[in-house]
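**Q** A single structure is presented below for examination.
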Amino acid sequence: MKKLLLGNAAVARGAYEAGVGVVASYPGTPSTEITEEIVKFDEIFAEWSPNEKVAGEVAIGASIAGARAMSCMKHVGLNVMADPVFTVSYTGVNGGLVFCVADDPGMHSSQNEQDSRHYAAASKIMMLEPADSSECKEFTKMAFTLSEKFDTPVFIRLSTRVSHSQSMVELCEPEDVKLKPYEKNIGKFVMMPANAVRRHVVVEDRIKALTEFAETTELNKIEENGSKIGVVSAGIAYMYAKEALGDAVDYLKLGMVYPMPVKKILDFAKKYDKVYVVEELDPVIENHLKSLGINCIGKDVFTLLGEYTPAMIKSAILGESAPECAEISEAIPVRPPVMCAGCPHRGTFYVLKKLGLVVSGDIGCYTLGAVAPLQSVDTTICMGASVSAAHGMAKARGAEFNKKLVSVIGDSTFMHSGITGLIDIVYNKGNNTVIILDNSITGMTGHQDNPTTGKTIRGEDTKQVDLLKLCQAVGIDHVVVADPFDVKNFEKVVKQEVNRNEPSVIIATRPCALLKGVKYTGHCTISDKCKNCKMCMRLGCPAITVKDGHVIIDATQCNGCGLCINVCPFGAIEKEE
Amino acid sequence: MATKNIMIVGVGGQGTLLASRILGNTVINEGYDVKVSEVHGMSQRGGSVVTYVKYGNEVFSPIIDRGEADIILAFELLEAYRALPYLKKGGKIIVNGQRIDPMPVITGAAEYPENIAEKIAEKADIKVIDALSLARDAGNIKAVNVVLIGVMAKSTDIAYDKWIETIKSTVPEKFLDVNLKAFSLGYNI
């Protein structure tokens, strides 16, 4: 049976058909839906782990115990997970072990556009790169087989347009995969120096064997059209090249991007007058070709930045220009993402902006607190950095600066890697104020449960981490819970906590407005008491705008959360049911 | 058949994803190869969203370049305007007449362009629909997406019943009546 599937859903399907037993991940765009789709198969144990390192280690443990296991993450998640990755390359596996990493060229929803292929070479782990949903499924299945055959973890590398495109997939029955026996093997699984020295030899031998495999595998395909131009490509860039160039060139499509073949590439390249390498982001394939002495054209004509398009490739290789199109003769406003109407974070940032505080920010919907008109957030680096970087800022600039400084971090991000920073503040005698934005869910990635929500990935009840007690337990004596929509009280609490000479935590509690259980009703309207002072406009709510010089509330955008009522100094905003 | 390129553009939260899924699943049932490219994550939060649906004998790239869209289905006026350069010569724009101010307009840093529909009409075949009113008539203003799919369906060669079949299999039971009504209001405009 054929079905239209998202690339991510196809990876999940492939893992299911390969008999995967355990899947552990942390959500991150564009990888999230893989694990969400896994949940649809009752026979697989799936979990949202607190962070990618934990998730990877859960999968590693499951593999050592004899099950086929997988962990999925976005590119920056692989940085968090990198520590075990480099060592599990040495130990190898028992049950097949797959790490699925999704890059985000063009940064649709990321803080950088790193190229994860470098990790494959750095950790000496083979990497497959599918180009559409059908390959997502097939390559994932193959990855488990190859993992066991070559005793290695296997990376699957996706990118946004592969993860988030739907295309046709042929569904098959799942294989009947039994747990492999667990046998104690200290020499293989205990990576202390004497054992690791021996395992490194195994790793280097394995890379040689995998390079041999790369010469003959069907994963690396040649398509001959009798052209004088040869194109080497992989993943989504291959699809763009096919669309742009059709039968006008010959192709070497690499389905296995690490390790790459040598002889196959040399034999291919020598047949052509010109060889192009088409790959998004870094010149990984190009550098391999150049190391083989091949005079190829890559980043000389293609950008290192962002996503490619077929038109770009057509122009660079065939010199054909894009089709004629209508141009817009005026500058038109951009539409950046904004916090939703009813977003609980809006109350927090309104207060922080009003108090003129330096805000050490983090990764989540609340990164949008940096966007006009709130423009409250000062820094965003990575998950957890809001807390530890603020500690560094305070140590660098001293007590007075610290009274103007807060960290903001979401509930899920705090669980991911905020808690260690908070422990650092306590241990090293900091006195920062950390605001945990507890909206009862992992928001940006589309509502995943986490250790603070009391539900598992399957929606089952579980123990809930008590943020208040947790902060107290690590040594924070001042923990205050406050509602960010009660702006007067919230402002009072923030002022009080930043002025303390001890560390403190404010838990700003209000659920995400998009959560099922959250029912705001009606919508707000502006009455004739309005003095047009535009205080409400400072909230940056998408429902509040100006028409003919007067503030109005767009009923189709407003969800009736009522935050604007709380900030209007003239009582001019009313609720209409 | 040559690949048909349809672009669905709008503002994050307007339901462009459901629209693209109804479209994708309908063309599959017609036996075409299809690719649908979606937007997830940060851009979904009230930003510009663009979804591509491509179908034909064999589709490679999931994205559509400038000058290549046969149809642009726009959920908002400014987004229709922004997408105009992607329209193929002789292509068609179907646009919901709704205006949603982006944050730079709200803050006064930019101005919402005047007379967008008229400006597009100078360069392309445009049909403006009051999808919000039709959705309200159907029973829920959130059904704007399905009203627009209805309008678009009329300009394809796929039969009415085929669309109804997909809607029945794509939309949750409790919203089915509203969506069927919304589709029919759009289709029969």
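**Q** Just give me the residues in the stretch A:296-327 being under 12 Å from B:Gly67 (Cβ atoms) and assigned to a loop (DSSP other than H, G, I, E, B), in sequence order.
**A** The answer is A:Thr309, A:Ser321, A:Ala322, A:Pro323, A:Glu324, A:Cys325, A:Ala326, A:Glu327.
**Q** Quick one: A:Glu574 ticks every box in (1) in a loop (DSSP other than H, G, I, E, B); (2) more than 11 Å from chain B (Cβ to nearest Cβ) bar one, so which box is it?
**A** Among (1) in a loop (DSSP other than H, G, I, E, B); (2) more than 11 Å from chain B (Cβ to nearest Cβ), A:Glu574 violates only (1).
**Q** Among residues belonging to the stretch A:123-138 that are over 21 Å from the mean Cα position of the chain (by Cα) and open to solvent by 10 Å² or more (accessible area, probe 1.4 Å), point out the one that is farthest from A:Arg199 (Cα to Cα).
**A** A:Ser134
**Q** So if I check each of A:Val505, A:Val487, A:Val493, which one is within 31 Å of the chain's Cα centre (by Cα) and of a type in the set (A, V, I, L, M)? Outline the logic, then answer.
**A** On the way: A:Val487 fails: within 31 Å of the chain's Cα centre (by Cα); A:Val493 fails: within 31 Å of the chain's Cα centre (by Cα).
Exactly one residue qualifies, and that residue is A:Val505.
**Q** Which residue pairs have Cβ atoms under 7 Å apart, sit 6 or more places apart or on different chains, and have a first residue in the stretch B:126-137 that is of a type in the set (Asp, Glu) and a second that is surrounded by fewer than 23 Cβ atoms within 10 Å (Cβ to Cβ)?
**A** From residues that are of a type in the set (Asp, Glu), the pairs are B:Asp130/B:Gly97; B:Asp137/B:Leu185.
**Q** Give me the pairs: first residue in the stretch A:96-118 and open to solvent by 10 Å² or more (accessible area, probe 1.4 Å), second residue among the polar types (S, T, N, Q), beta-carbon distance under 6 Å, and six or more apart or on different chains, which are they?
**A** A:His108/A:Thr160; A:His108/B:Ser43; A:Ser109/A:Thr29
**Q** Can A:Phe485 be described as open to solvent by less than 10 Å² (accessible area, probe 1.4 Å), touching a Leu at 6+ places or on another chain (Cβ under 6 Å) and either within 30 Å of A:Thr556 (Cβ to Cβ) or not assigned by TED's automatic domain parsing to the domain that holds A:Ala102 (or both)? Walk me through it before giving the result.
**A** Values: open to solvent by less than 10 Å² (accessible area, probe 1.4 Å): yes; touching a Leu at 6+ places or on another chain (Cβ under 6 Å): yes; either within 30 Å of A:Thr556 (Cβ to Cβ) or not assigned by TED's automatic domain parsing to the domain that holds A:Ala102 (or both): yes.
Spelling it out, A:Phe485 is indeed open to solvent by less than 10 Å² (accessible area, probe 1.4 Å), touching a Leu at 6+ places or on another chain (Cβ under 6 Å) and either within 30 Å of A:Thr556 (Cβ to Cβ) or not assigned by TED's automatic domain parsing to the domain that holds A:Ala102 (or both).
**Q** Among the residues of the stretch A:441-464, how many are open to solvent by 50 Å² or more (accessible area, probe 1.4 Å) and away from chain B (no Cβ under 14 Å)? Lay out the reasoning, then the answer.
**A** Residues of the stretch A:441-464 open to solvent by 50 Å² or more (accessible area, probe 1.4 Å): A:447, A:455, A:458, A:460-464.
Then drop every residue that is not away from chain B (no Cβ under 14 Å), which leaves A:455, A:458, A:460-464.
Within the stretch A:441-464, residues that are open to solvent by 50 Å² or more (accessible area, probe 1.4 Å) and away from chain B (no Cβ under 14 Å) number 7.
**Q** Same structure again: So how many residues does the stretch A:75-95 have that are open to solvent by 10 Å² or more (accessible area, probe 1.4 Å) and under 13 Å from A:Ala24 (Cα atoms)?
**A** Qualifying residue count, the stretch A:75-95: 0.
**Q** Could you tell me which of the residues B:Val147, B:Val171, B:Val178 is within 15 Å of the chain's Cα centre (by Cα) and buried (at least 17 other Cβ atoms within 10 Å of the Cβ)?
**A** On the way: B:Val171 fails: within 15 Å of the chain's Cα centre (by Cα); B:Val178 fails: within 15 Å of the chain's Cα centre (by Cα).
Just a single option satisfies the conditions, and that option is B:Val147.
**Q** Okay, moving on. From the set of residues in the stretch A:507-517 that are over 30 Å from A:His550 (Cβ atoms) and touching a residue at least 24 places away in the same chain (Cβ under 8 Å), which is surrounded by the most Cβ atoms within 10 Å (Cβ to Cβ)? Quick ask: steps written out before the conclusion?
**A** Quick first cut of the stretch A:507-517, residues over 30 Å from A:His550 (Cβ atoms) only: A:507-509, A:511-512, A:515-517.
Right, trim to touching a residue at least 24 places away in the same chain (Cβ under 8 Å) and you get A:507-509, A:511-512, A:515.
Numbers: A:Ile507: 18, A:Ala508: 26, A:Thr509: 19, A:Pro511: 16, A:Cys512: 22, A:Leu515: 13.
Among them, the one singled out is A:Ala508.
**Q** Return the only residue of A:Glu17, A:Glu52, A:Glu57, A:Glu37 being within 14 Å of another protein chain (Cβ to nearest Cβ), in contact with a helix residue (DSSP H, G or I) (Cβ under 7 Å, 6 or more places away or on another chain) and either in contact (Cβ under 8 Å) with a residue 12 or more places away in the chain or not small (Gly, Ala, Ser) (or both).
**A** Working: A:Glu17 fails: within 14 Å of another protein chain (Cβ to nearest Cβ); A:Glu52 fails: within 14 Å of another protein chain (Cβ to nearest Cβ); A:Glu57 fails: within 14 Å of another protein chain (Cβ to nearest Cβ).
On inspection, the qualifying residue turns out to be A:Glu37.
Conditions (1) in contact with a helix residue (DSSP H, G or I) (Cβ under 7 Å, 6 or more places away or on another chain); (2) at positive phi; (3) facing chain A (nearest Cβ under 7 Å), marked per residue:
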| site | (1), (2), (3) |
| --- | --- |
| B:Met42 | no, no, yes |
| B:Val53 | yes, no, no |
| B:Val59 | no, no, no |
| B:Ile64 | yes, no, no |
| B:Glu79 | no, no, no |
| B:Leu84 | yes, no, yes |
| B:Lys89 | no, no, yes |
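**Q** Any chance the stretch A:27-44 includes a residue that's open to solvent by 10 Å² or more (accessible area, probe 1.4 Å) and farther than 23 Å from A:Ala10 by Cα?
**A** no
For every residue, the table says whether it meets (1) polar (S, T, N, Q); (2) out of contact with any Asp or Glu (no Cβ under 9 Å at 6 or more places or on another chain); (3) in the same structural domain as A:Arg13 (by TED's automatic domain parsing).
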site	(1), (2), (3)
A:Glu47	no, yes, yes
A:Glu52	no, yes, yes
A:Ala55	no, no, yes
A:Val58	no, no, yes
A:Ser71	yes, no, yes
A:Pro84	no, no, yes
A:Gly92	no, no, yes
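**Q** Here's something else I'd like to know. How many of the residues in the stretch A:14-45 are assigned to a strand (DSSP E or B), within 21 Å of A:Ser412 (Cα to Cα) and aliphatic (A, V, I, L, M)?
**A** 2
**Q** Among the strands (runs of 3 or more DSSP E) lying completely within the stretch A:143-224, list those that include at least 2 residues that are within 14 Å of chain B (Cβ to nearest Cβ) and within 30 Å of the chain's Cα centre (by Cα). Break it down stepwise before answering.
**A** Values: elements: A:154-159, A:165-170, A:220-223.
Answer list for the stretch A:143-224: A:154-159, A:165-170.
**Q** Further question: Out of the stretch A:319-355, which residues are away from chain B (no Cβ under 14 Å), open to solvent by 40 Å² or more (accessible area, probe 1.4 Å) and not charged (D, E, K, R)?
**A** The one that is away from chain B (no Cβ under 14 Å), open to solvent by 40 Å² or more (accessible area, probe 1.4 Å) and not charged (D, E, K, R): A:Gly319.
**Q** Test A:Lys547 against the criterion of being in contact with a strand residue (DSSP E or B) (Cβ under 7 Å, 6 or more places away or on another chain), within 26 Å of B:Tyr112 (Cβ to Cβ) and within 14 Å of another protein chain (Cβ to nearest Cβ), and give yes or no. Can you show your working first?
**A** Values: in contact with a strand residue (DSSP E or B) (Cβ under 7 Å, 6 or more places away or on another chain): no; within 26 Å of B:Tyr112 (Cβ to Cβ): yes; within 14 Å of another protein chain (Cβ to nearest Cβ): yes.
Against the criterion (in contact with a strand residue (DSSP E or B) (Cβ under 7 Å, 6 or more places away or on another chain), within 26 Å of B:Tyr112 (Cβ to Cβ) and within 14 Å of another protein chain (Cβ to nearest Cβ)), A:Lys547 does not qualify.
**Q** Still on this structure, I have one more. Among the residues of the stretch A:429-479, write down those that are touching a helix residue (DSSP H, G or I) at 6+ places or on another chain (Cβ under 6 Å), modelled with pLDDT of 95 or more and of a type in the set (A, V, I, L, M, F, W, C).
**A** Those that are touching a helix residue (DSSP H, G or I) at 6+ places or on another chain (Cβ under 6 Å), modelled with pLDDT of 95 or more and of a type in the set (A, V, I, L, M, F, W, C): A:Val434, A:Ile436, A:Leu437, A:Val474, A:Val479.
**Q** Further question on the same structure: In the stretch A:375-384, is there at least one residue being open to solvent by less than 20 Å² (accessible area, probe 1.4 Å) and within 19 Å of the chain's Cα centre (by Cα)?
**A** Checked the stretch A:375-384: at least one residue is open to solvent by less than 20 Å² (accessible area, probe 1.4 Å) and within 19 Å of the chain's Cα centre (by Cα).
**Q** Let me ask something else. Only strands (runs of 3 or more DSSP E) wholly contained in the stretch A:225-288 count here; list those with 1 or more residues that are among the aromatic types (Phe, Trp, Tyr).
**A** Values: elements: A:229-233, A:250-254, A:256-258, A:274-278.
Passing ranges, in order: A:250-254, A:256-258, A:274-278.
**Q** Given the options A:Leu158, A:Leu128, name the one that is of a type in the set (A, V, I, L, M) and out of contact with any Phe, Trp or Tyr (no Cβ under 8 Å at 6 or more places or on another chain). Outline the logic, then answer.
**A** Working: A:Leu128 fails: out of contact with any Phe, Trp or Tyr (no Cβ under 8 Å at 6 or more places or on another chain).
Only one candidate passes the filter, namely A:Leu158.
**Q** Can you tell me which residues in the stretch A:210-248 are of a type in the set (Lys, Arg) and either surrounded by 18 or more Cβ atoms within 10 Å (Cβ to Cβ) or modelled with pLDDT under 95 (or both)?
**A** Residues of the stretch A:210-248 of a type in the set (Lys, Arg): A:221, A:228, A:242.
Selection gives A:Lys242 alone.
The values are calculated or read from the model by the stated rules, or taken from the named source; none is laboratory data. These numbers come from a predicted model, not from an experiment. FYI the Cβ positions are ideal-geometry reconstructions off the backbone, even for glycines, and counts take in every protein chain you see. Note: accessible area is taken over every heavy atom of the protein model, side chains too, but ligands, DNA and RNA are not part of it. Shrake-Rupley method; radii C 1.70, N 1.55, O 1.52, S 1.80 Å.
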